[in-house]
Amino acid sequence: AVPDALLAVRGLEGWYGESHVLHGIDLDVRAGEVVTLLGRNGAGKTTTLRAIIGILGRRAGSITYEGVETIAMASRNIARLGLGYVPEERGIFASLTVAENLMLPPVVKPGGMSVAEIHTLFPNLKERAGSQGTKLSGGEQQMLAIGRILRTGAKLILLDEPTEGLAPVIVQQIGRTIRELKGRGYTIVLVEQNFRFAQTLADRHVVIEQGRVVDEIANDALDANIDKLHAYLGV
Ligand code: ATP
């Protein structure tokens, strides 16, 4: 347990219908940290994020954010505490413009980024402000999905595989953005398949297997633990 944790998850259980997929996840995240969740497909990483943000229908255990218990709270109230979620599928509305998509999620907390700040962070979004969601590249969609969460005022950002399917140059740009956000004091929990990418920005890596946390590896110990990591990830 981390005494000064911003987010503290204890004994988190989660279900889809009758299917029990999280079996007592324990996770602490300090303010300003970047923590990755690593693990094989189906290990429960996405489900853990969905439970933290309150959109997993059935969950039990304890999740506190700034000391506030959220396990029984509705997702909109959890968001109001300052948590934001960028799902793997990004959720861009094809029929809306970039500018309209950016304004879509409600502001949950004062102190979110202005549109101008988001445009400084992602210049592509400024150029594409009038374009429809459908016209965006995968990388631009990811930037839009991250940008609009920053506008809401969320300070803990849950990112699900932001680099999935993106070209290496865009992956690097997303990496720079995440480091920039860390520099500005944001706290980030990142689900990532590409641990070499995760290594360029994370403080720690938490390994999930079959709905449980089975290991934690400090970023500077990643290379020394590479065989173990390969075994966890089945690569
Ligand atoms: P991936 O990288 O494949 O998303 P993951 O570690 O994020 O892997 P989860 O998506 O959290 O894994 O899935 C955990 C378990 O829950 C898996 O067994 C998966 O099949 C199951 N699952 C995920 N989504 C649903 C759903 N909507 N309904 C039923 N079962 C689900």
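Just a few scattered comments:
- Antiparallel %, DSSP beta bridges [both residues in the chain], to 5: 60
- Counting only residues at least eight positions apart within a chain, or on another chain, the aspartates and glutamates with an alpha carbon under 13 Å from that of Lys155 are Glu33, Glu66.
- Alpha-carbon Rg with Dmax, taken over region 138-204, Å: 11.1, 30
- Across the chain the C-alpha pair distances fall into 10 Å bins from zero in the proportions 8, 33, 37, 19, 3 percent.
- At R0 = 30 Å, FRET efficiency that the Cβ-Cβ distance of Asn225 and Arg176 yields, to 0.05: 0.70
- When the pairs Lys45/Lys228; Lys135/Lys182; Lys109/Lys182 are compared against a 24 Å limit on Cα-Cα distance, Lys135/Lys182 fall above it.
- A viscosity of 1.306 mPa s and a temperature of 10 °C, combined with the Kirkwood radius over Cα pairs in Stokes-Einstein, give a translational diffusion coefficient for region 1-128 of 96 µm²/s.
- The reciprocal of the average 1/r between distinct C-alpha atoms defines the Kirkwood hydrodynamic radius, which for region 1-41 equals 11.8 Å.
- Potential lengthening between Met73 and Trp15 on full extension [0.36 nm per residue; Cα-Cα distance subtracted]: 19.2 nm
- Rough spin-label spacing in nm, given labels placed 7 Å along Cα→Cβ, for Ala218 and Arg196: 2.5
- Here the Debye sum runs over all C-alpha atoms of region 21-81 as equal scatterers in vacuum, and log10 of I(q)/I(0) at q = 0.12, 0.23, 0.27 Å⁻¹ comes out as -0.29, -1.09, -1.37.
Computed from the coordinates by the stated procedures, all read-outs in this text should not be read as laboratory data. Bear in mind the structure is a predicted one, so any value in this text is a computation, not a measurement. Every residue, glycine as well, gets a Cβ built from its backbone with ideal geometry; the counts of neighbours run over all protein chains shown.
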